[in-house]
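Here's the structure, in structure tokens; my notes come after.
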Amino acid sequence: MADHKFSIQGDSPVVDKLMFWRIVGHEVLARPSAYELTVLTDNESIEAADVLGRSFDVVIEFADADGGTHKRHCQGHAVRFTRVAQSGRFLEYRISLRSWFWLLSKRVNARILQNKPVLGVIDAVLDDSPVGSLKKLKAGGVVGPHEPHVYCVQYRESDYQFLSRLLEEEGIYYWFDAHDAPGTLYLSDTSTLAHEKLPAADTLNHVQRGASEGRFNEITRWISSRQFESGKFASRDRDFKVISKQLRADKGDPDTHELSDLEVFEFPGGYQSGDDTDNLAQLRLDELIGRRQRHWALTGWPDVTAGRSFAFKGDPDGKRDGDYLIAACTFVASHPGYEGANFPESRRSIDAVLHDALADDPVNTGLGELVGDLIAQTPALSTGQRASSSFLLTVIPLNTPWRPPRLTPRVTMPGPQSAIVTGRSGEQIWTEEHGRVKVQFHWDRYGKNDENSSCWVRVSHPWAGKSWGAVSIPRIGQEVIVDFLDGDPDQPIIVGRFYNGESMAPFGLPAGAVVSGIKSNTHKGKGYNELSMDDTAGKEKVTIHGQYDMNTTVEHNQTTTVHNSRTDTVDVDDSESVGNNQTQHVGVNQTISIGSNRGETVGGTETITITGHRTETVNGGETVTVTGGRSHTVNGMQTTTISVAEAHTVGAGRMHSVGAGEAINVGGVQTVSVGGAQMVSVGGVQKVNVGALQSITVGGPHKLSAAVIAETSKGPIKIKAGAICMVEAPTIMLKAGGSKIVMNASGITIKGAKITIKADGTASFKAGGSIKIKGSNLGED
């Protein structure tokens, strides 16, 4: 110990006023180094502000067996400053030092990080922290695959807790250098490659107790332990994109003892994807294997420190020689003393420091009692003797993969939370193929209320079948209820929605409390669709509103029953298509009002049956076109009234049959035009009454045939022929008053009171027989 020199360096304004007295240290993989430094000073004006947060480096300078000098550092930041007592003419102070990484435990935060591997997460946290200015970090020992964290949440945990649990989950550990780069944090995920040898002497030799002072690279005591651990690891998980596929991993490497194949099963497995199941399972198995054996070594050689490796030689059993990694280093080093200073009682402080350190020791987890016994059996450690230094090492074989145990608890969300749906600026709905949305949590101080505020969050729906169910995508600005699968903050899921003071319910509460239903909001427009039910007694009502189109499809039958009135209003067009038959029944009256035109097409036969009267009024023209035959039957009387003209055009023959009498009354002119022959057949009497002139023009011969022909004229009767006018009958009689002319086969008889024959020219009388002229007086004019 006489060869050791101690000095204190740092950026504290009082560092030069401090004299080293003792240091108790605990260095261990995967935890910040912890030192309890006791100093003496004659300066009574030292304040805590001169010390706390400041960097201190206790340098132990020592010599090797050949006389060469080396330095070993204990670097940290002051986190506690205590005035202990008066020691002779000096004041005794105790300064608690921690590696800079420990300072992250003093900032608790909540944040979301996305698409960053674990090293990127570390950088993001440190870049955002005042502690980042102290960062000294080397990550060259991280060589394994570490997939980016798609979504990674820090919630109500310190930066230190957050980073510690991430590193533990990914099998990465760290240590702080005590030689070339004091206070530098080294990261590694493989214990077989990343650890340099001890710089002063890379081999530590075992010597029997009493055979050496143990001042140099010697180990004076070696203790080994092997414990029962599970030999298999299995886990399961799920991926919602292939939910029917079970993600699974099974790894095993049982020890050689009985029952070493017991299995540890975990769910969920925490896989980022189905591709990294084996990697994570191997990490967990390495964690189990790494607990199986421990070795402890005692030495007085200050060169030793956690994170370095060495070769062990001289094992009395000859079985444990080999390369080892120093996983933990617990030590006490004391100054020989100063003139005028009393050597302080330190047992209690040493016990307290080591107890606290071992309580959070990931290497000696569950082995605190055994380590405590080893310390108690070593006076230099347990009492801190003057001018002594002793180092208790926890070592593991260098070829054994070591993973930090997952001691840092993972945050479990205490329950559902409220969040606001967010998305890209200018959008009202921001989603993707799975209907997931982004949200902004109220506690997230870093989010910008945009499409990057969170991961895509799955949404619960009332139904969720394979291409069937109920869908309602939360829209930007809506408040939603977010829960977390397995309580994991990295697995948010929307399970409900809230109304709030800025987004009130649609039907007006409390007055509308009797109304239940669904009311949507037009996307990027004004309007809504609605299906609501009003349960007001005596006014119960179902309302369906389609802002634009409404489509209803019924694959089989549809029955609609209205027990009172129904009103259908169509503001524009209405089209109805019936693929087969249609029956319409109106119990009383039916009124059809058509504002403009109407077209009706019947592909087959149309039958209209009216049991009462029918009135049909056409205010304009009417055209009836029948491409085939047409039959018009009236069982009663038919009256047809035409206010103006009527025209009948028949392309072929026409038959007009009247079972009883027929009267045709034409108020004006009637024209009948027949392109071919016309035949009129009257079974009884036919009477034609013409109020004025009647003119009959026949382009060919005119033939009139009747049993009896009677023509009566109130005026003259004139018959004019362009050629011969022939009247042929057995007897022809022309009669005027008492005069008459009778012509028959026997001759012609002219009878009258006076007969005058006058010719402007010659008059000739010719007879085949006699000509007789008889009278009472024959004379000449």
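Neighbour counts of C-beta atoms inside 10 Å place E147, E36 in the sequence E147, E36, starting with the fewest.
Cβ under 13 Å from K751's Cβ, K751 left aside: what net charge do those residues give with Lys, Arg +1 and Asp, Glu -1? Mind dumping the intermediate values first?
On the way: positive: K735, K740, K754; negative: none.
With Lys, Arg at +1 and Asp, Glu at -1, the net is +3.
Considering only the Cα atoms of segment 5-74, their convex hull presents on average a projected area of 6.0 nm². How many angstrom separate the Cα center of segment 232-304 from the Cα center of segment 736-751? Segment 232-304 and segment 736-751 have Cα centres separated by 149 Å.
Inter-label distance, L407 to E622: 10.4 nm, where each label sits 7 Å from its Cα along the C-beta direction.
Taking a straight Cα-Cα cut-off under 15 Å and skipping sequence neighbours fewer than 8 places away in the same chain, the aspartates and glutamates within cross-link reach of K232 are D250, D253, D255, E258, D261, E263, E266, D278, D286, E287. Across segment 228-289, C-alpha contacts under 8 Å between residues 6 or more apart give a mean separation that, scaled by the residue count, equals a relative contact order of 43 percent. Which FRET efficiency value, to the nearest 0.05, is calculated for R386 and R156 with the Förster distance at 30 angstrom and r the Cβ-Cβ distance? With R0 = 30 Å, the Cβ-Cβ based efficiency is 0.05. This ranking places E711, E61 by how few other beta-carbon atoms lie within 10 Å of each, fewest first, which gives E711, E61. Distance distribution P(r), the chain, all Cα-Cα pairs, bin width 10 angstrom from 0: 2, 9, 13, 12, 9, 7, 6, 5, 5, 4, 4, 4, 4, 4, 3, 3, 2, 2, 1, 1, 0, 0 percent. Here the Kirkwood formula, the inverse mean of 1/r across different C-alpha pairs, assigns segment 225-373 a hydrodynamic radius of 19.4 Å. The share of C-alpha pairs in segment 194-271 whose separation exceeds 23 Å stands at 59 percent.
With n ≥ 4 as the cut-off for DSSP H runs, can you work out [θ] at 222 nm for the chain, using -39500 (n - 2.57) per run divided by the number of residues, rounded to the nearest 500?
Numbers: 6 runs with 60 residues, N = 781.
Rounded to the nearest 500, the figure is -2500 deg cm²/dmol.
Treating each Cα of segment 126-178 as one equal point scatterer and applying the Debye formula with no solvent, the log10 of I(q)/I(0) at q = 0.22, 0.24 Å⁻¹ comes out as -1.16, -1.31. Counting 0.36 nm for each residue step from Q114 to D127 and taking away their Cα separation leaves a gain of 3.1 nm.
As a rough footprinting exposure proxy, the listed residues M743, M733, M726 were ranked by other beta carbons within 10 Å of their own, and the order from fewest upward is M726, M733, M743. Specify whether the C-alpha gyration tensor of segment 683-781 places it in the rounded, prolate or oblate class, a ≥ b ≥ c being the square roots of the eigenvalues: rounded for a/c under 1.5, otherwise prolate if a/b is larger than b/c and oblate if not. The shape class here is prolate.
Calculated FRET efficiency, T609 to I717, Cβ-Cβ distance, R0 = 51 Å: about 0.45 to the nearest 0.05. On the basis of the beta-carbon distance and an R0 of 30 Å, E530 and V242 show a calculated FRET efficiency of 0.20. The length gained by stretching the chain between S657 and V562 to full extension, at 0.36 nm per residue less their Cα-Cα distance, is 29.3 nm. Within straight-line reach of K313, meaning a Cα separation under 26 Å, sit the following lysines at least 8 residues removed in sequence or on another chain: K71, K197.
Each principal axis of segment 75-147 carries a Cα extent, and these read 59, 29, 17 Å when sorted largest first.
For segment 228-289, the Kirkwood estimate of hydrodynamic radius, built from reciprocal distances between every pair of different alpha carbons, is 12.0 Å. Counting only lysines at least 8 places from K241 when in the same chain, those with an alpha carbon closer than 19 Å to its own are K438, K466. Checked against a 26 Å cut-off, the cross-linked pairs K5/K106; K136/K251; K735/K772; K720/K774 give Cα-Cα distances beyond that limit for K5/K106; K136/K251; K720/K774. In this simple spin-label approximation, N205 and I664 carry label points 7 Å from Cα along the Cα→Cβ vector, and these lie 15.0 nm apart. When the square roots of the Cα gyration tensor eigenvalues are ordered a ≥ b ≥ c, the ratio a/c for segment 1-126 is 1.5 or more and a/b does not exceed b/c, which makes its shape oblate.
Here the contact order of the chain, divided by its residue count and restricted to Cα pairs under 8 Å and six or more residues apart, works out to 9 percent.
Here segment 412-503 was treated as a single set of alpha-carbon atoms; its pair distances binned every 5 Å from 0 give 3, 14, 25, 26, 20, 9, 3, 0 percent. Ordering 318-331, 473-486, 126-139 by mean Cβ neighbour count within 10 Å, with the highest value first, yields 318-331, 473-486, 126-139.
Calculate, in nm to one decimal, what Q86 and D571 gain on full extension: separation in residues at 0.36 nm each, minus their alpha carbon distance.
On the way: separation 485, 0.36 × 485 = 174.60 nm, distance 10.05 nm.
Length gained between Q86 and D571: 164.6 nm.
Note on A736 and V634: their simple-model spin labels are 4.7 nm apart, each label 7 Å out from Cα toward Cβ.
If Lys and Arg each add +1 and Asp and Glu each add -1, what is the summed charge of the other residues whose beta carbon sits under 13 Å from the beta carbon of P13? In short, -2.
Within the shell of other residues whose beta carbon sits under 10 angstrom from the beta carbon of C152, the net charge comes to +1, with Lys and Arg scored +1 and Asp and Glu -1.
All of the numbers you see were taken from the coordinates with simple rules; none came from a lab. All figures in this text were calculated on a predicted structure; none of them were measured in a lab. With ideal geometry, Cβ positions are generated from the backbone for all residues, glycine too; neighbour counts draw on all protein chains shown.
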